[in-house]
1. For the pair Asn12 and Arg93, what calculated FRET efficiency results from E = 1/(1 + (r/R0)^6), where r is the Cβ-Cβ distance and R0 = 30 Å, to the nearest 0.05?
2. Step through the table entries Lys13/Lys111; Lys79/Lys121; Lys94/Lys120, compare each Cα-Cα distance with 27 Å, and write down the pairs that go over it.
3. Based solely on its DSSP helices, what 222 nm [θ] is calculated for the chain when runs of n ≥ 4 H residues each add -39,500 (n - 2.57) and the sum is averaged over all residues, nearest 500 deg cm²/dmol?
4. Can you give the percent of C-alpha pairs in the range 61-122 whose distance is more than 15 Å?
5. How far apart, in nm, are two points set 7 Å out from the Cα along the Cα-to-Cβ line at Cys86 and at Thr49?
6. Taking a ≥ b ≥ c as the square roots of the Cα gyration tensor eigenvalues, with a/c under 1.5 meaning rounded and otherwise prolate when a/b beats b/c, else oblate, which class fits the range 1-43?
7. Hey, got the dipole for the range 1-107? About the Cα centre, +1 on K and R Cβ, -1 on D and E Cβ, debye to the nearest 20?
8. Give me the percent of accessible area attributable to carbon and sulfur for the range 29-97, probe 1.4 angstrom.
Amino acid sequence: MARIAGVNIPTNKRVVVALQYIHGIGAAKAREIVDRVGVPDDRRVNQLTDQEVIQIREVIDRDYVVEGDLRRDTSVNIKRLMDLACYRGLRHRKGLPVRGQRTHTNARTRKGPAKPIAGKKK
């Protein structure tokens, strides 16, 4: 099992798909990394040589912000918004949708399960 950027990537999948298991690498970046290293598209992770794995690891470490660093940057940005007490920060603080979605109905992912209101009937 190959370990890249602190993540064990699956061995039976194609390299482009397996790289997407790393937080911060999607389809476009995975394709870019594979092209830069020169690995064929149909190659699977268990068919990679040690040298190719090392090259992939070096490219990711040098050119991309992934995993822990990316998560830390995101959380610092959210914390900054909350400290500023701007509109987006207040929405984060209250656990409500941040990007303008309606909350009268829906928004259950951010708000959590519905809480019954005493004495309210239709």
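1. So the FRET efficiency works out to roughly 0.10.
2. Values: Lys13/Lys111 36 Å; Lys79/Lys121 39 Å; Lys94/Lys120 24 Å.
Correct reply: Lys13/Lys111; Lys79/Lys121.
3. Numbers: 6 runs with 60 residues, N = 122.
Helices in the chain give a 222 nm mean residue ellipticity of -14500 deg cm²/dmol.
4. For the range 61-122, the share of Cα pairs beyond 15 Å comes to 65 percent.
5. 5.0
6. oblate
7. So the dipole magnitude of the range 1-107 works out to roughly 820 debye.
8. Ligands and nucleic acids excluded, carbon and sulfur give 48 percent.
The values are calculated or read from the model by the stated rules, or taken from the named source; none is laboratory data. Everything numeric in this text was worked out from a predicted model, so none of it was measured. Every residue, glycine as well, gets a Cβ built from its backbone with ideal geometry; the counts of neighbours run over all protein chains shown. Just the protein is used for accessible areas: all its heavy atoms, side chains included, with ligands, DNA and RNA removed. Shrake-Rupley method; radii C 1.70, N 1.55, O 1.52, S 1.80 Å.
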